[in-house]
Amino acid sequence: MRASTHADVLRVFDKMADRYDGQMLVWERRLFPGSREWAVGQARGHVVEIGIGTGLNLPLYAPGVTVIGIELSERMLSLARRRAEQAGLTGRVELRQGDAEHLPLPGGIADTVLSTFTMCTIPDPAAAAREAYRVLKPGGRFVLAEHGPSANPVIRAGMRLVEPLMVRLEADHLTRDPRPFLEQAGLRIDSVSRMTRGISFRVLATRP
């Protein structure tokens with residue numbers, strides 16, 4: 001199976017930007033209920049959100065949180081800017097075009113790095129995990145809501161069967177387990193919850 005490239009990701013998300021919100025919310029209700037709210041609820045202090053997309057998480061952040069959102073697709077980012085303006089968040093939210101594998105940020109600035117349904121589409125998730133580690137302060141937390149290979153072998157086999165098509169159409173690696181990338185980057189995994197027959201992952205990790 002050919003992995004997605006940055007060109008693939010840009011093509012997919014620029015094309016799907018206008019229908020992204022509706023599509024994601026349908027899938028989240030069916031397979032990942034409450035995951036987005038859970039993830040944002042773990043955020044503290046100064047947050048770097050990778051793959052912020054259209055900004056679906058922005059209205060969920062607590063008032064004391066400040067956010068730098070990074071997004072590869074300028075089309076998605078324009079929708080996130082509109083959402084931030086409509087929610088009156090522009091004073092504590094900064095949105096930047098950028099690549100999660102090469103964050104345009106100095107090291108050690110974040111109390112929290114947050115990723116919701118993003119690691120599945122990043123071409124080099126190991127590099128993104130290393131960048132998350134780099135920008136976190138010691139003791140800072142990486143919060144991840146993601147899908148991954150089902151704990152049910154029949155469902156997992158079905159996911160693997162359709163995965164090449166999903167990678168080609170949506171740059172989505174269905175059976176990518178996010179945990180090894182975090183551990184290889186030096187992050188300590190503190191907790192993992194798996195739901196919806198093991199498809200849904202909620203992960204908390206810390207930079208020691």
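The values are calculated or read from the model by the stated rules, or taken from the named source; none is laboratory data. Small disclaimer: the values here were computed from a predicted structure and weren't measured. Positions of Cβ are backbone-derived with ideal geometry, glycine not excepted, and every protein chain shown enters the neighbour counts.
Inspection of the stretch 42-57 identifies no residue that is farther than 20 Å from Leu95 by Cα and either among the aromatic types (Phe, Trp, Tyr) or touching a Phe, Trp or Tyr at 6+ places or on another chain (Cβ under 7 Å) (or both). Return the residues of the stretch 107-141 that are among the aliphatic types (A, V, I, L, M), crowded, with 18+ Cβ neighbours inside 10 Å, out of contact with any helix residue (DSSP H, G or I) (no Cβ under 7 Å at 6 or more places or on another chain) and not in a strand (DSSP E or B); say none if nothing qualifies. The answer is Ala128, Ala132, Val135. Find all pairs meeting these conditions: Cβ atoms under 6 angstrom apart; at least six residues apart or on different chains; first residue within the stretch 129-145 and in contact (Cβ under 8 Å) with a residue 40 or more places away in the chain and farther than 19 Å from Ser193 by Cα; second residue among the β-branched types (Val, Ile, Thr) and not in a strand (DSSP E or B). From the stretch 129-145, the pairs are Val135/Ile109.
Within the stretch 93-106, the set of residues being surrounded by fewer than 16 Cβ atoms within 10 Å (Cβ to Cβ) and either at pLDDT below 95 or in a loop (DSSP other than H, G, I, E, B) (or both) comprises Pro104, Pro106.
Would you confirm, using the coordinates I've provided, whether Val67 is part of a strand (DSSP E or B), hydrophobic (A, V, I, L, M, F, W, C) and in contact with a helix residue (DSSP H, G or I) (Cβ under 9 Å, 6 or more places away or on another chain)?
yes
Scanning the stretch 173-204 for residues that are in a strand (DSSP E or B) and of a type outside the set (Ser, Thr, Tyr) gives Arg188, Ile189, Asp190, Val192, Arg194, Met195, Phe201, Arg202, Val203, Leu204.
Just one residue in the set Ile199, Ile155, Ile189 is farther than 19 Å from Trp38 by Cα and among the β-branched types (Val, Ile, Thr); that residue is Ile155. Residues that are part of a helix (DSSP H, G or I) and more than 16 Å from the chain's Cα centre (by Cα) were ranked within the stretch 1-11; the one that is surrounded by the most Cβ atoms within 10 Å (Cβ to Cβ) is Asp8. Here Arg160, Arg168, Arg179 are screened, and the one residue that is surrounded by 16 or more Cβ atoms within 10 Å (Cβ to Cβ) and of a type in the set (Lys, Arg) is Arg179. Taken over the stretch 70-92, the criterion of being surrounded by fewer than 21 Cβ atoms within 10 Å (Cβ to Cβ), out of contact with any helix residue (DSSP H, G or I) (no Cβ under 7 Å at 6 or more places or on another chain) and either closer than 24 Å to Ala127 by Cα or of a type in the set (Ser, Thr, Tyr) (or both) is satisfied by Glu74, Ser78. Only a single item in (1) in contact with a strand residue (DSSP E or B) (Cβ under 7 Å, 6 or more places away or on another chain); (2) more than 25 Å from Val12 (Cβ to Cβ) is not met by Ile68, and it is number (2). Within the option set Arg194, Arg202, Arg188, Arg176, being of a type outside the set (A, V, I, L, M, F, W, C) and touching a Cys at 6+ places or on another chain (Cβ under 7 Å) holds for one residue only, Arg176.
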